[in-house]
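The values are calculated or read from the model by the stated rules, or taken from the named source; none is laboratory data. From a predicted model like this one, the values you see are computed outputs, not experimental measurements. Glycine gets a Cβ as well: all are built from the backbone with ideal geometry, and neighbour counts include every protein chain shown. Only protein heavy atoms, including side chains, enter the accessible area calculation; ligands, DNA and RNA are left aside. Shrake-Rupley method; radii C 1.70, N 1.55, O 1.52, S 1.80 Å.
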Amino acid sequence: ACDPYLKYVFLTGITKFSQLSIFSELNNIKNISMDEPYAAICGITEDEMLMQMKEDMERLVAKLNISSEKVLLKLKENYDGYHFTYPSPDIYNPFSLLNAFADGKFGSYWFGSGTPTYLIKMLEKFGVEPSEVGGKTAAVEDFDAPTETMSSITPLLYQSGYITIKDYDSELGLYTLDIPNKEVRVGLMRSLLPYYVSTPTEKTNTMVAYLSRDIRNDDMDSALRRLQTFLSTIPYCDNTRYEGHYQQMFYIIFSLLGSFVDIEVRTPRGRVDVVLRTKTTLYVMELKLDKTAGEAMEQINLKNYPERFALCGLPVVKVAINFDSERCTIGDWMIEK
């Protein structure tokens, strides 16, 4: 009814919808989501932040009493990383960035505005494990697709900002999609943790904080002892009768520490269950269920998993862990440098 008065209409939303009918009033939309000239139309680019928010940057530097270079690195680590096409300028989450400037600290603002209950239900529906959220390779029609007709969770993850474009192979026409930044990764893992560890949030946050200190101090023995005690005091969780449950739990917990973590890492002789890299050490972990830590260590040595990481520039530490499904916690472990 307002057509005579409309010249341009700009529609935005979390998900893309299909034009299901040829009689639709919306049959002349131009989708600019992935058009390069509009790559920076939403969000705040790094150039805009440095040039137009110079005073905000200076106030943040003064309040935190660290160098402007470190502030930029922290802002980049926490709120940067969005790309709506490839190539694209670096896009910062405007809600989080403006809140960080206003509060003078690096908070978790995006997840503080709500819990992604619907997303968690969809992850469960499509059988997607926490470690499978990022690190995807897909054609554009697989992720920039209408969500009401989606056959995988990738379009929902991409269009709602949990994964974004990180690279593009023009020869194959394939995009690399991954979690954009630390704020999204940590927030998402915090939301997923209760599905693997049924315990009050306060108790879990305290455990993660102490665990983070153990890992920073390269004290894996104390970290595992702490985890053993923590897991033995929480209520029974479902799905604790298979090794993958504990593997995903480790992935979530180590992701919360802000360290690099990956699972099922390929080597010439097999796959490593968990690889954890801190600033000073690389841990190669083998997990067993209802066996022994000795058997896990024997597999690490037999397949020489550390050889795959010899050139990483960090000392490699072997960690063998056995879980006890009856007690729903760590049974025993071995650590070798």
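Yes/no per residue for (1) in contact with a strand residue (DSSP E or B) (Cβ under 6 Å, 6 or more places away or on another chain); (2) modelled with pLDDT of 90 or more; (3) over 17 Å from V261 (Cβ atoms):
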{"position": "T292", "(1), (2), (3)": "yes, yes, yes"}
{"position": "A296", "(1), (2), (3)": "yes, yes, yes"}
{"position": "N301", "(1), (2), (3)": "no, yes, yes"}
{"position": "P315", "(1), (2), (3)": "no, yes, yes"}
{"position": "T329", "(1), (2), (3)": "no, no, yes"}
- prompt: Does the range 116-135 hold any residues that are of a type in the set (A, V, I, L, M, F, W, C), assigned to a loop (DSSP other than H, G, I, E, B) and surrounded by fewer than 18 Cβ atoms within 10 Å (Cβ to Cβ), and which are they?
  reply: F126, V128
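Considering only residues that are within 18 Å of R216 (Cβ to Cβ) and touching a helix residue (DSSP H, G or I) at 6+ places or on another chain (Cβ under 8 Å), which ones fall in the range 255-273? Even if it seems obvious, please write down each step before you answer.
Just the residues of the range 255-273 that are within 18 Å of R216 (Cβ to Cβ), to begin with: 255-261.
Result: S255, L256, L257, G258, S259, V261.
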Enumeration of residues in the range 152-193 that are farther than 17 Å from K121 by Cβ, out of contact with any Lys or Arg (no Cβ under 8 Å at 6 or more places or on another chain) and either of a type in the set (V, I, T) or without any contact (Cβ under 8 Å) to a residue 40 or more places away in the chain (or both): Y158, T164, I165, D169, S170, E171, L172, G173, L174, V184, V186
- line: Among residues of the range 305-321 being in contact with a Lys or Arg (Cβ under 9 Å, 6 or more places away or on another chain) and part of a loop (DSSP other than H, G, I, E, B), the residue most open to solvent (accessible area, probe 1.4 Å) is P315
field: Test result for T206, of a type in the set (S, T, N, Q) and at pLDDT below 90
entry: yes
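Tally the residues that are open to solvent by 40 Å² or more (accessible area, probe 1.4 Å) and farther than 19 Å from L314 by Cβ, restricting the search to the range 267-304.
Our first condition is that a residue be open to solvent by 40 Å² or more (accessible area, probe 1.4 Å); within the range 267-304, this holds for 268-269, 271, 277, 279-280, 290-292, 295, 298-299, 301-304.
Applying the additional criterion that residues be farther than 19 Å from L314 by Cβ yields 268-269, 271, 290-292, 295, 298-299, 301-303.
The number of residues fulfilling the criteria is 12.
Could you check the range 136-156 and list, in sequence order, the residues that are open to solvent by less than 60 Å² (accessible area, probe 1.4 Å) and not in a helix (DSSP H, G or I)?
Within the range 136-156, the subset open to solvent by less than 60 Å² (accessible area, probe 1.4 Å) is 136, 138-140, 143-147, 150, 152-156.
Across the range 136-156, the qualifying residues are K136, A138, A139, D144, A145, P146, M150, S152, I153.
Just name the residue that is surrounded by the most Cβ atoms within 10 Å (Cβ to Cβ) out of those in the range 189-221 that are outside any helix (DSSP H, G or I) and polar (S, T, N, Q). Even if it seems obvious, please write down each step before you answer.
Pass one, the range 189-221, residues outside any helix (DSSP H, G or I): 196-200, 217-219.
Keeping just the survivors that are polar (S, T, N, Q) gives 198-199, 217.
Values: S198: 14, T199: 16, N217: 12.
Filtering first and then ranking leaves T199.
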message: Considering only the range 178-188, I want to know if a residue exists there that is open to solvent by 10 Å² or more (accessible area, probe 1.4 Å), of a type in the set (D, E) and closer than 30 Å to V319 by Cβ.
response: yes
message: Filter the range 158-188 down to the residues that are outside any helix (DSSP H, G or I) and polar (S, T, N, Q) and list them by number.
response: S160, T164, S170, T176, N181
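Give the residue that is modelled with the lowest pLDDT, with candidates limited to residues of the range 103-115 that are surrounded by 17 or more Cβ atoms within 10 Å (Cβ to Cβ) and assigned to a helix (DSSP H, G or I). Can you show your working first?
First, the residues of the range 103-115 that are surrounded by 17 or more Cβ atoms within 10 Å (Cβ to Cβ): 106, 109-111.
Filter once more, so that each one left must be assigned to a helix (DSSP H, G or I): 109-111.
On the way: Y109: 90, W110: 85, F111: 77.
Looking at residues that are surrounded by 17 or more Cβ atoms within 10 Å (Cβ to Cβ) and assigned to a helix (DSSP H, G or I), I get F111.
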- prompt: Based on what the data block shows, is V265 within 30 Å of E77 (Cβ to Cβ), in contact with a strand residue (DSSP E or B) (Cβ under 8 Å, 6 or more places away or on another chain) and at pLDDT 95 or above?
  reply: no
- request: Could you list all residues from the range 37-73 that are open to solvent by less than 100 Å² (accessible area, probe 1.4 Å) and over 30 Å from G13 (Cβ atoms)?
  value: M57, L60, V61, A62, L64, I66, S67, S68, V71, L72
